[in-house]
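Below is one structure, written out as structure tokens; the observations come after it.
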Amino acid sequence: MITKRHGVAASALAAGALLLAACGTDNNTSGAPNPNQPTANIQCASGTLTAAGSTAQANAMSEWVKAYQNSCKDATINYQGGGSGKGVQQFQQGTIDFAGSDFALSSSDQPAADARCKTGPAINLPMVPGPIAVGYNLPDVKQPLNLSASTLAKIFTGKITNWDDQAIATDNPGVKLPSLGIQTFHRSDGSGTSYNFSNYLAKEAKADFPFEANKNWPAPGGQGSNGTQGIAQGVKSTPGAIGYMELSFATQSQLPYAKLGNAGGKFVELTTDNVKNFLAKAKTVGTGNDLKLEFDYTNADADAYPAVLVTYEIVCQSGNDSAKLPLLKNFLSYLASNDGQTPLTNQGYVPLPADLQTKVAAAVNSLG
């Protein structure tokens, strides 16, 4: 559950890339599943899988790998972060078995991914939904700020350069804002967080953010940082700074984060339920077992938080290594199961809606 204390979520999650390769040894802790007995809804298979990509899902993947390997002593799952863009590239090159990406394959990325699959196509399986927080560093402002999409667009394009600007004041009546310069931080590497945050601004404030959503931050100016950890560190150490980041990085750095404006002009708090309410109106726009999602940015509900990302597992519909296929299907089936999805809430993520969870499970079962 996402809870808040002075605008900061109480649960802090570890961040950054990870490499998980241990199998049925040091992973066993008190209360962990017996490594010789399968856990409910975990079907074991032997072998090794290698995956990489999104750091936004790293905390979830860490727990999934631990649980699976604790149950299945002959399985090894290696997941290394590196970012969504790098993960997609590695998948296209055939050096990993599946990729984690905070954006679905683009029309320009799809051909190379399909070619890697040979009998393909490559498909997008949504697995880890979560919110994007807009964290800031204003020590003398105690209450969470309201920031409309228009105001954020102007801040991140350099049109608003000081915290006492009238647009910010209009969003926050009665709040004493400092006369302090604004320093924006954005990702310097290809990032699904950049894609989804720029998509929110492009959809909600097109007049002030005349750029298309892009995994490479599209607006001029600002300070680029490698990885979300770099953004969080930059904002934490710079009075007047602001940046977009996965929630876990904001909580880990004890940064307050804003209530964001939606299409109805309402400022929506970042809570688990508000993220679920926005996600519930997402539409599946892929074909067949490709479950690419499209968010409804026209959603004007006061309880629907509008800056959300979903991490996809990108995998071949067919053409997978036959020796690895049983482990690939069983591991991804566990991720999509209730046992895999329910614990996400405790980690600052949001479980898949039930109907989408069913579709993902069916798509995994069809892999060949």
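The values are calculated or read from the model by the stated rules, or taken from the named source; none is laboratory data. As the structure is a computational prediction, the values presented were derived from the model and not from experiment. Neighbour counts are summed over all protein chains in view; Cβ atoms, including those assigned to glycine, are modelled from backbone coordinates with ideal geometry. When the accessible area is computed, the model is the full protein with side chains, heavy atoms only, and any ligands, DNA or RNA have been set aside. Shrake-Rupley method; radii C 1.70, N 1.55, O 1.52, S 1.80 Å.
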Revision key, fill the gap. If we ask which residues in segment 177-193 are open to solvent by 20 Å² or more (accessible area, probe 1.4 Å) and more than 20 Å from S106 (Cβ to Cβ), their number turns out to be 7
Review point. For V141, which of the numbered conditions (1) in contact with a helix residue (DSSP H, G or I) (Cβ under 9 Å, 6 or more places away or on another chain); (2) open to solvent by less than 20 Å² (accessible area, probe 1.4 Å) fails to hold?
Key: (1)
Check your understanding: Within segment 323-368, can you find the residues that are under 17 Å from the mean Cα position of the chain (by Cα) and among the small types (G, A, S)?
Key -> A336, G340, G348
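Open to solvent by 30 Å² or more (accessible area, probe 1.4 Å), within 23 Å of Q233 (Cβ to Cβ) and in contact with a Leu (Cβ under 7 Å, 6 or more places away or on another chain) - does that describe any residue in segment 194-206? Spell out the reasoning first.
Going residue by residue through segment 194-206, those that are open to solvent by 30 Å² or more (accessible area, probe 1.4 Å) are 195, 203-204, 206.
Now restrict to residues that are within 23 Å of Q233 (Cβ to Cβ): 195.
Subset that is in contact with a Leu (Cβ under 7 Å, 6 or more places away or on another chain): none.
Scanning segment 194-206, I find no residue that is open to solvent by 30 Å² or more (accessible area, probe 1.4 Å), within 23 Å of Q233 (Cβ to Cβ) and in contact with a Leu (Cβ under 7 Å, 6 or more places away or on another chain), so the answer is no.
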Check your understanding: Would a scan of segment 223-244 turn up a residue that is open to solvent by less than 30 Å² (accessible area, probe 1.4 Å), within 23 Å of A104 (Cβ to Cβ) and in a loop (DSSP other than H, G, I, E, B)?
Key -> no
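Considering only segment 70-156, give the helices (runs of 4 or more DSSP H) lying wholly within it that have at least 2 residues that are at negative phi and β-branched (V, I, T).
On the way: elements: 84-93, 110-117, 149-156.
Those helices (runs of 4 or more DSSP H) span 149-156.
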**Study point:** Near pairs, Cβ below 7 angstrom, 6+ apart or cross-chain, from segment 53-77 (touching a residue at least 24 places away in the same chain (Cβ under 8 Å) and open to solvent by 10 Å² or more (accessible area, probe 1.4 Å)) to any residue that is among the polar types (S, T, N, Q) and part of a loop (DSSP other than H, G, I, E, B)
**Key:** K66/N27; A67/T39; K73/N36; D74/S46
**Study point:** Pairs with Cβ under 6 Å, 6+ apart, first in segment 190-215 and in contact (Cβ under 8 Å) with a residue 60 or more places away in the chain and hydroxyl-bearing (S, T, Y), second in a loop (DSSP other than H, G, I, E, B) and open to solvent by 50 Å² or more (accessible area, probe 1.4 Å)
**Key:** S191/K215; Y195/K215
Check your understanding: L291 versus (1) touching a strand residue (DSSP E or B) at 6+ places or on another chain (Cβ under 8 Å); (2) surrounded by fewer than 16 Cβ atoms within 10 Å (Cβ to Cβ): which is the lone unmet condition?
Key -> (2)
Study note, to complete from the structure: Within segment 269-315, residues being assigned to a strand (DSSP E or B), touching a residue at least 40 places away in the same chain (Cβ under 8 Å) and either of a type in the set (F, W, Y) or within 19 Å of K203 (Cα to Cα) (or both) number 6
